Amino acid sequence: MNFIQKAAVAVLLAVTVAASPAFANDAAEQFVQKVLDEAQPYLELEDEQAQLDGIATLVDKYVDMRHIGYFVLGKSARQITSEQKEEYFPLFEDYARSIYQEALTRYSGERLAVTGSVDRSEKNIFVQSKVANAKPGDEYADTLIEWWVHVNNDGEMRIVDAGADGIFLSIEQQETFTSIIADNGGPPAGIDALIENIREKVDD
Amino acid sequence: MSMRLTVFAALFFFLAGGAAHAQLSDAGDPEEFAEELKRGEADTTEGKEIDPWEGFNRKMFAFHNVFDENLLVPLAKVYRATTHKKQRKGIRNFLDNLKTPVILANDLLQGEFDRAGDTLGRFAINTTVGFGGMGDPAERIGIAQHSEDFGQTLAVWGLDTGPYLFLPFFGPSTLRDGFGAAVDTGLDPSFYYRSDAMATAKYVRAGATALAIREPLIEPLDDIKENSLDYYASFRSFYLQSRKREIQNGRTNYDELPDIGDFEEFDEE
């Protein structure tokens, strides 16, 4: 290519980039579709406990609980002590896993399919999905189910949040957790109180 | 009037979130998307900043929940038990159709003339072919329902959300949207008709709206209450997230979501 051609390509690229702030991300879409395909047989199981167990396996495999666990602490993520971490993370994982289980079993019998994605940055991609086999009048027929995919430093994709119609779980958890920490005097005491709160919930 | 206003507004608002219809059209004008997304930008205040009246709000929330658990939910269960899903859909359609003047006025105030046309078209079609608004044939020919209210109009005009506000019977709101709800009451022509029959009709409408909004939320709100470490904070978050999306006409502004960021470094200390 001569200089003019290169310049033309550069300008074209620049215009394209400027015109579309968000791109679809094929790799992330394939990743989520794979997770959904794996979830499919579990969602078809008749036995509720088997369904929950199946989903738990997938959550442990594909959801980055460590990441979410930090995120939901808000500013306190920088202040949590190593002793607190040892208590907090296993409890948080149990708690968050149960939330995901419950959220997903709502779609039991349905087939979820990826419909598109939005790149917020190289490392944060929102993959959109919908119920593919919805019958007219189906409760979730129009629900937009989104998966926040984060690419970690090793280039691995993990799910860090799930949302329905623009309402995201981790964001809600962050507001709840930071509220509990603040109401109990902030870190470190507030974090201890939070840990106790989660323990009570998990033990229920 | 005040009781009628509160009950009506409560219903109107209580589930602005749950009632909001997700409409994510792929087709459309990118500039319009950008414009719609910008509306929510003023509403970025998070956590404490959005809820300076938390102490008051928590008390009101606790009070409201006594009413909710002991009256609203049992009635909503009766409503569910005595009606068929299709009938409830018809009732929701009918109540939505009654909101036409308010939606239309706000479409126009926002300069959304296409959407105003949709609102008028839906009213004409659904009131006639749709048996007085019970059916929604307009939806089937591609004119989807959308909601507007004066709170959203104020957002479009650039007014910030203001503090989160929870009032008993009235439900979750913000200072801006609560004021908007009062204005909407005045935008409704029924506000200006005074007769015994109209008064009864308004009570019936308010009651029906309350049940129509609360009934589909019985399980979702139970789940939240059951799972949340702090029902108040979770409820506020769900409400504010869904309200923001409603103001952005059913779109999500991804850039505005908090940064989940990289936490890998945290474990390397």
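The values are calculated or read from the model by the stated rules, or taken from the named source; none is laboratory data. Keep in mind it's a predicted model, so treat the numbers as computed, not measured. All Cβ positions, glycine included, derive from the backbone under ideal geometry; neighbour counts span all protein chains shown. Surface accessibility is based on the protein's heavy atoms, side chains included, excluding ligands, DNA and RNA. Shrake-Rupley method; radii C 1.70, N 1.55, O 1.52, S 1.80 Å.
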Which numbered condition in (1) in contact (Cβ under 8 Å) with a residue 24 or more places away in the chain; (2) more than 8 Å from chain B (Cβ to nearest Cβ); (3) part of a strand (DSSP E or B); (4) open to solvent by 10 Å² or more (accessible area, probe 1.4 Å) is the only one that A:SER129 fails?
(4)
Scan region B:215-234 and report the pairs whose first residue is closer than 14 Å to A:ILE99 by Cβ and whose second residue is open to solvent by 30 Å² or more (accessible area, probe 1.4 Å) and among the small types (Gly, Ala, Ser), with Cβ atoms within less than 9 Å and a gap of 6+ or a chain change.
B:PRO220/B:GLY18; B:ASN227/A:SER98
Any hit, region A:65-72, residues being modelled with pLDDT of 90 or more, more than 9 Å from every other protein chain (Cβ to nearest Cβ) and outside any helix (DSSP H, G or I)
yes
Kindly provide the set of residues from region B:229-258 that are under 24 Å from A:GLY190 (Cα atoms), open to solvent by less than 30 Å² (accessible area, probe 1.4 Å) and under 15 Å from the mean Cα position of the chain (by Cα), ordered by number.
B:PHE235, B:ARG236, B:SER237
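The rows are residues; the columns are (1) in contact with a Gly (Cβ under 8 Å, 6 or more places away or on another chain); (2) hydrophobic (A, V, I, L, M, F, W, C); (3) assigned to a strand (DSSP E or B); (4) free of Cβ contacts under 8 Å to residues at least 12 places away in the same chain.
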{"residue": "A:THR115", "(1), (2), (3), (4)": "no, no, yes, no"}
{"residue": "A:SER121", "(1), (2), (3), (4)": "no, no, no, yes"}
{"residue": "A:ALA141", "(1), (2), (3), (4)": "no, yes, no, yes"}
{"residue": "A:TRP148", "(1), (2), (3), (4)": "yes, yes, yes, no"}
List every residue pair whose Cβ atoms sit under 7 Å apart, with the two residues 6 or more apart in sequence or on different chains, where the first one lies in region B:188-212 and is over 25 Å from B:LYS89 (Cβ atoms) and the second, anywhere, is in a helix (DSSP H, G or I) and open to solvent by less than 50 Å² (accessible area, probe 1.4 Å).
B:PRO189/B:PRO101; B:PHE191/B:THR185; B:MET198/B:SER190
Check off (1) at the interface with another protein chain (Cβ under 8 Å from one of its Cβ atoms); (2) open to solvent by 50 Å² or more (accessible area, probe 1.4 Å) for B:ASP196 and give me the number that stays unchecked.
(1)
Please go through region B:61-108 and give me each residue that is over 23 Å from B:TYR164 (Cβ atoms), open to solvent by less than 60 Å² (accessible area, probe 1.4 Å) and charged (D, E, K, R), ordered by number.
B:ARG88, B:ASP96, B:LYS99, B:ASP107
Taking region A:150-167 as the search range and keeping residues that are within 8 Å of another protein chain (Cβ to nearest Cβ) and outside any strand (DSSP E or B), which one is nearest to A:GLN30 (Cα to Cα)?
A:ASN152
Within region B:222-240, is there a residue that is over 30 Å from B:THR83 (Cα atoms), of a type in the set (S, T, N, Q) and away from chain A (no Cβ under 11 Å)?
no
Residue pairs qualifying under the 9 Å Cβ cut-off, at least six apart or on distinct chains, with the first in region B:49-67 being under 13 Å from B:ASP230 (Cβ atoms) and the second being modelled with pLDDT of 95 or more and among the basic types (Lys, Arg), are B:ASP51/B:ARG236; B:GLU54/B:ARG236; B:ASN57/B:ARG236; B:PHE61/B:ARG236
Entirely in region B:160-269, the helices (runs of 4 or more DSSP H) that have 2 or more residues that are within 27 Å of A:ARG106 (Cβ to Cβ) and of a type in the set (Phe, Trp, Tyr):
B:231-247
Could you please let me know if B:PHE169 is closer than 20 Å to B:ALA105 by Cα, hydrophobic (A, V, I, L, M, F, W, C) and open to solvent by 30 Å² or more (accessible area, probe 1.4 Å)?
no
If you go through region A:73-89 one residue at a time, how many are part of a helix (DSSP H, G or I), facing another protein chain (nearest Cβ under 9 Å) and in contact (Cβ under 8 Å) with a residue 24 or more places away in the chain?
1
Reported set for region A:183-204 where residues are facing chain B (nearest Cβ under 7 Å) and either within 21 Å of A:SER82 (Cα to Cα) or open to solvent by less than 50 Å² (accessible area, probe 1.4 Å) (or both) is A:ASN197, A:ILE198
Please go through region A:90-103 and give me each residue that is without any contact (Cβ under 8 Å) to a residue 60 or more places away in the chain and surrounded by 17 or more Cβ atoms within 10 Å (Cβ to Cβ), ordered by number.
A:GLU93, A:ARG97, A:GLN101
